[in-house]
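The values are calculated or read from the model by the stated rules, or taken from the named source; none is laboratory data. Everything numeric in this text was worked out from a predicted model, so none of it was measured. Cβ atoms come from the backbone with ideal geometry, glycine included; neighbour counts cover every protein chain shown. Accessible surface is based on the protein model in full, side chains and every heavy atom, while ligands, DNA and RNA are left aside. Shrake-Rupley method; radii C 1.70, N 1.55, O 1.52, S 1.80 Å.
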Amino acid sequence: MSEALDRTDRNILRHLQKNGRLTNAELASLTNTSPATCHRRTQRLFEEGYISSVRAHVAPEKVERGTLVMVGVVLDRSTPESFGAFEAAVSDLPFILDCHLVAGDFDYFLKIRVRDISDFNGMHGSKLIALPGVRQTRTFFVMKEVTDNAPLLF
């Protein structure tokens, strides 16, 4: 972590990570700073990229996306060009929540939310296996979400 972050900055980050809806006055009270100091520090944390965004965590089941699917992808070639083509294509698919280049048996892991297995089946047949360079996919339907998007420890 950067030397530029002191205890107060880390405290601000921890509180915002738990609750991004805190008002500046609430955050200042929780961090034992004045509202002006808290606002100035929070703005600096945004400007320097420590906070990349603030958004609501939508309950997936409330918007008919209760089924979580992890997909391991193996590409037919391991070249910068094939990785680039795959990553560009994946970036255009709004149903893919996360895409990670990984080491091991797969090249990528995708995190996808869908309505149900039938919804995924249609998407798999028409979109996923048609992605550039895909040789093989392995699908994992999540039975239970034990931890999801846990706060970072620092």
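Does LEU152 count as among the hydrophobic types (A, V, I, L, M, F, W, C), open to solvent by 70 Å² or more (accessible area, probe 1.4 Å) and within 21 Å of the chain's Cα centre (by Cα)? Spelling it out, LEU152 is indeed among the hydrophobic types (A, V, I, L, M, F, W, C), open to solvent by 70 Å² or more (accessible area, probe 1.4 Å) and within 21 Å of the chain's Cα centre (by Cα). Among the residues of segment 120-130, at least one is open to solvent by 50 Å² or more (accessible area, probe 1.4 Å) and among the hydroxyl-bearing types (Ser, Thr, Tyr). What pairs come up if the first residue lies in segment 135-154 and is touching a residue at least 12 places away in the same chain (Cβ under 8 Å), the second is part of a loop (DSSP other than H, G, I, E, B) and open to solvent by 100 Å² or more (accessible area, probe 1.4 Å), and their beta carbons are under 8 Å apart, counting only those six or more places apart or on different chains? Final answer for the pair search is ASN149/HIS57; PHE154/MET1. Screening HIS57 with (1) under 28 Å from GLY20 (Cα atoms); (2) in contact (Cβ under 8 Å) with a residue 60 or more places away in the chain; (3) in contact with a strand residue (DSSP E or B) (Cβ under 7 Å, 6 or more places away or on another chain); (4) of a type outside the set (Val, Ile, Thr) gives one miss only, at (3).
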